[in-house]
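What follows is a short report on a single structure.
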Amino acid sequence: MTRKALKLLELSDKKDFQTEFFRLKGQITAAKSFRERLLSLKTLHGLSMLVSRINIVGRIFVTPLRSDFECLTYPVYKQVDSTEFKGLNQPLTQVPVHNPNYNKQPWANREVGWMMMLLWGPVGAGLLFAIVYSWFMTRSLSRSQSETQRLIAVQ
């Protein structure tokens, strides 16, 4: 869109470059159809950002926030006392490879279905939003454009 606006700007002899540039970009945007708005790189970018962020936000809501949180991601438990592990002055203990409480997790033994839900759920919601937004913007901009043309014709 920027290239198109710059090309149109080269053809015009206006002095105020910035004002004219943004006016032309607005005209190009207003001229887009519903299909052009919906099937654009901007929509694809928005959907991919939504899918990536929804997983991060989900982790924030399911992670318990405690003041005694300790990072236990090393291959051995730290030599400290916590609510899960009494290890102060104990020899290093390896972290189990498999979670003993795995079957209590909502995704246990349904990993593919869980993954599909976390992918296609946000994509579906994002597409629904994109369809409504594109329809509304196309309709409102075409109305305002037709009103402007009608007012110009009257004058």
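The values are calculated or read from the model by the stated rules, or taken from the named source; none is laboratory data. What you are looking at is a predicted structure, and each value in this text was computed from that prediction instead of being measured. All Cβ positions, glycine included, derive from the backbone under ideal geometry; neighbour counts span all protein chains shown. SASA here: full protein model, heavy atoms, side chains in, ligands and nucleic acids out. Shrake-Rupley method; radii C 1.70, N 1.55, O 1.52, S 1.80 Å.
What the table shows:
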quantity	calculated
Filtered residue count, segment 92-103, keeping only those that are closer than 27 Å to R53 by Cβ and not hydroxyl-bearing (S, T, Y)	1
Residue list for segment 93-116, filter: of a type in the set (G, A, S) and surrounded by 12 or more Cβ atoms within 10 Å (Cβ to Cβ)	A108
Scope segment 24-70; condition assigned to a helix (DSSP H, G or I), among the hydrophobic types (A, V, I, L, M, F, W, C) and surrounded by fewer than 13 Cβ atoms within 10 Å (Cβ to Cβ); matching residues	L41, L44, M49, I56, V57, I60, F61, V62
Residue within segment 46-53 that is touching a Pro at 6+ places or on another chain (Cβ under 6 Å) and modelled with pLDDT of 85 or more present	yes
Residue satisfying all of: in segment 117-155; modelled with pLDDT of 75 or more and of a type in the set (V, I, T); surrounded by the most Cβ atoms within 10 Å (Cβ to Cβ) among these	T138
Cβ-Cβ under 7 Å pairs, at least 6 apart or on other chains, segment 102-122 side without any contact (Cβ under 8 Å) to a residue 12 or more places away in the chain and of a type in the set (D, E, K, R), far side open to solvent by less than 80 Å² (accessible area, probe 1.4 Å) and in a helix (DSSP H, G or I)	none
K32 among the charged types (D, E, K, R) and touching a helix residue (DSSP H, G or I) at 6+ places or on another chain (Cβ under 9 Å)	yes
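Listed here are the residues, each with its yes/no results for (1) out of contact with any Ser or Thr (no Cβ under 6 Å at 6 or more places or on another chain); (2) within 30 Å of R35 (Cβ to Cβ); (3) part of a helix (DSSP H, G or I).
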| position | (1), (2), (3) |
| --- | --- |
| P96 | yes, no, no |
| W114 | yes, no, yes |
| G126 | yes, yes, yes |
| W135 | yes, yes, yes |
